[in-house]
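Following: one structure in structure tokens, then a few remarks.
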Amino acid sequence: MAKDFLWITKTEENLEFYSDSAPKSGLSLHFASAIDIDTKRNICRFVRYLRKEFYFPIRCNVYFCDQEKFRSSKGGYCYGIFYSNEESNGRIYPQIYIPANNVSYQVYHSLCHELTHYFQWYFLDEDKKSDRSLEVQASKYATRILEDYCNYDCNNPDSACKNCCGNG
């Protein structure tokens, strides 16, 4: 990853620098009961990769819902939603909602896209950039992380690798 990458890579220096951001750090996963075990297993494998490569200085609760998409507050449809703790009705930690009834690539891309919004919020970029530039950056980083994941996990490709790298 390039030095200008917004996500915090998991290095000893970064762990030391960012470790006092909040009482709890990392990603906490929550699955709707209707989501099948194979989908959960694949998502957990991808999140293990994210946790290995990146540091999440403030706990982020990620909810995987038994849906294909959400209706956005702007009237259209979306494949993920990020709420900062300011938008979460008094909750301490930010939240992400991802519909899990899609191919792995879409679920992973949506998760990375929303996690980029988490880092934009953490670094206060959301106050400095337009909505359009925040969305472009989130999509760009999501694609980039998926490409890195496919290169990392080529021994065990799933539908994410088949879609983004042409494997399979």
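Every number in this text was worked out from the coordinates using simple rules, so none of it is lab data. Remember, predicted model here, so these are calculated numbers, not experimental data. Cβ coordinates were reconstructed from backbone atoms using ideal geometry, including for glycine residues, and neighbour counts include every protein chain displayed.
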Cα-only Debye scattering, the range 12-159: base-10 log of I(q)/I(0) at q = 0.10, 0.11 Å⁻¹
-0.34, -0.42
Remind me, relative contact order of the range 12-159 in percent, using alpha carbon pairs under 8 angstrom and six or more residues apart?
20 percent
Looking at the range 1-106, which trypsin sites (Lys or Arg not before Pro) are in a loop (DSSP not H, G, I, E or B) and have at most 16 other Cβ atoms within 10 Å?
K3, K10, K24, K69, K74, R91
Pulled fully out, how much extra length does the chain show between K52 and Y77, if you take 0.36 nm times their separation in residues and subtract their Cα-Cα distance?
5.9 nm
Springs between alpha-carbon atoms under 10 Å, Gaussian network over the chain: tell me which of N101, N151, N61 tops the mean-square fluctuations.
N151
Give the aspartates and glutamates whose C-alpha is closer than 20 Å to that of K52, dropping any in the same chain fewer than 8 places away, or say none.
D4, E12, E13, E16, D20, E114, E147, D148, D153, D158
Within the set E147, E12, E68, GNM on the chain using Cα springs under 10 Å gives the largest fluctuation to E12
Among Q67, N85, S110, whose Cα projects farthest towards the positive end of the dipole of the chain, with charges put on the beta-carbon of Lys, Arg (+1) and Asp, Glu (-1)?
Q67
